[in-house]
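The values are calculated or read from the model by the stated rules, or taken from the named source; none is laboratory data. These numbers come from a predicted model, not from an experiment. So basically every Cβ, Gly included, is an ideal-geometry build from the backbone, and we count neighbours across all protein chains shown. Keep in mind that these areas ignore ligands, DNA and RNA; they rest on the heavy atoms of the full protein, side chains included. Shrake-Rupley method; radii C 1.70, N 1.55, O 1.52, S 1.80 Å.
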Amino acid sequence: SGLPESIVAAACARSGQRVLHVDSRNYYGGNWASFSFSGLLSWIKENQQKTDLSDECEDWRKLILEDEEAIPLSRKDKTIQHVEDFCFGDQDSAEGVEEAGALPKLPVFGASGAQEVSPGLEKECPAVQSHCPESEPAGATEGSGAGPTPGAETSPAESLLQLGHVEAAPAETTSQEPKKITYSQIVREGRRFNIDLVSKLLFSRGLLIDLLIKSNVSRYAEFKNATRILAFREGKVEQVPCSRADVFNSKQLTMVEKRMLMKFLTFCLDYEQHPEEYQEHESSMFAQFLQTRQLTPSLQHFILHSIAMVSETRGTTLEGLQATKKFLQCLGRYGNTPFLFPLYGQGEIPQCFCRLCAVFGGIYCLRHPVRCLVVDRASGRCKAIVDHFGQRISANYFIVEDSYLSESTCTNVCYRQISRAVLITDQSVLNTDSEQQVSLMTVPPVALGSPAVCAVELCSSTMTCMKDTYLVHLTCPSTQTAREDLEPVVQKLFNLNGEKETENEELEKPRVLWAVYFNMRDSSGVEKDSYDGLPSNVYVCSGPDSALGNDCAVKQAETIFQAMFPTEEFCPPPPNPEDIIYDENEIEPEESALSNSAEAKPESSAEESNSGEGAAVTKE
């Protein structure tokens, strides 16, 4: 039930197909899920042990007929490797300490192992929903930071995307020491954590935001602005000016640098109209192109690592210009940065699409492994699945997440890997008057050949961590194990000793209280032809990729849906309840027939209920 599969399931159900969506895990989201702290500890233990699932049906092969063959599916998830967790905080005994559960909970759809929040948390971080206009949030104009444009019109669809505006806590002076957080406190307040397995932000003009608005799925979630873009340069963390107002209000840039930066960013917005300025550098690196534009070293660093966010050694000039233009086009729609973050974590987004699927009749089964795909020898098409209960379920189309395919099917597949780290810290990497900041920072490679690292820092108002702590996500393409890739960056940015490293409060690094490292498989670049022996009506979804946005998942979902139903619209907006017209003469007979049917007929078998024209099975 990861993001691409959930989008496909929602699109199929919305177009009138009958959908069965099964997942062998006991939570929604797969590798896109979010966990409470105790849920994450259970996930860590499960992936460190890697135990086989018990085989509840030894004779499932007897269900395969003579003119059929079976494609066995993997019973072992091999997408997560090298999981290591560490506690750096005050290691007081946490034995016998449980997550606080006495207070009544506000349920959130789905069960990522963490989707509940106590009213006490909302009191600490009160969220107020507000409508977002087409061009910008209230009080900001695109790229300027000034007041709203007079007479600006608001799209009805646009107003459906809501931001959770959270009142900032009273500013603390930098001289105050952060409160000591112990491990037992983290365990006790574990429900206040919603820790994502994959770290992503939503571009305000990206494909996922457009899909959320178009399909009206945005009503199931709330979002918060990413409030600042940071840069790590010469051993210091600095804030990067993004909008026009930020540039001219910046104290770290000279007047000459401000003019240089505005001139270059203006060029990037319509670079296609001036090919003569970049064509001779088109195949060279973007970093080299910036050197030809008479920009100072600090401006080159900001543009390369914090705005374009392309590789210094692999990002071409064209890629850099495209990325810079995308960044600038997303500014001002919902805030002074191009990014949004879903409250309660990225794991909410797949669940939102699952809810849409369920609203239109989709059936969901967690803890439901599938043993094999059943293929008809004559036609070469997949006709059914056999689950671990020994049930045979027929359908016309099958969507399978890559991790469920066996090694024999993936012999020719070459996977990339993502290195991930999640840290719980006691203060922000850059303290300001407001504690409630959502920050994005790209850390340049620490050594030759190592990748740049994307860091996302979340505050408690995102509903992803407890008060007085921050959640830091680190992500990069793997070259070694996750710990080997990311620990040098952690050591540069954070204090792992738990003791003061300097008497200068301004130079004091945040303390890491707890950390986990792991490698995650990136199957996003694998073509379907690379898999051996898959029938034409079986489609493969990949897991998360290493990119910051979600465009890959949305494109993949739309491609799969259009391949199955080329004449259907992809995720059209659902009708408003007030627009549905009922025929009064038909309501009574229908209700009567349903009542009689329920009394007279026994429940149909799984095969009968899920077979027939237009059935679609998605397996996560």
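Restricting attention to region 389-427, the residues that are assigned to a loop (DSSP other than H, G, I, E, B), open to solvent by 10 Å² or more (accessible area, probe 1.4 Å) and closer than 30 Å to Gln81 by Cα total 12.
Taking the conditions exactly as written (at pLDDT 65 or above, among the β-branched types (Val, Ile, Thr) and surrounded by fewer than 18 Cβ atoms within 10 Å (Cβ to Cβ)), does Ile64 satisfy them or not?
yes
The single condition from (1) in a strand (DSSP E or B); (2) under 30 Å from Ala13 (Cβ atoms) that Arg219 fails is (1). Going through (1) over 22 Å from Gly345 (Cα atoms); (2) in a helix (DSSP H, G or I); (3) among the small types (Gly, Ala, Ser) one by one, Ala231 falls short only on (2). Considering the conditions (1) touching a Phe, Trp or Tyr at 6+ places or on another chain (Cβ under 6 Å); (2) surrounded by fewer than 21 Cβ atoms within 10 Å (Cβ to Cβ), Ile560 is excluded by exactly one of them, (2).
Taken together, the residues in region 523-557 that are open to solvent by less than 60 Å² (accessible area, probe 1.4 Å), among the small types (Gly, Ala, Ser) and not in a helix (DSSP H, G or I) amount to 8.
Is it fair to say Asp246 is without any contact (Cβ under 8 Å) to a residue 24 or more places away in the chain, assigned to a helix (DSSP H, G or I) and not hydrophobic (A, V, I, L, M, F, W, C)? In short, no.
Of the listed requirements (1) over 28 Å from Leu201 (Cβ atoms); (2) modelled with pLDDT under 95; (3) open to solvent by less than 70 Å² (accessible area, probe 1.4 Å), Thr618 misses just one: (1).
Can you confirm whether Ser311 is in a loop (DSSP other than H, G, I, E, B) and not assigned by the TED database to the domain that holds Ser546? In short, yes.
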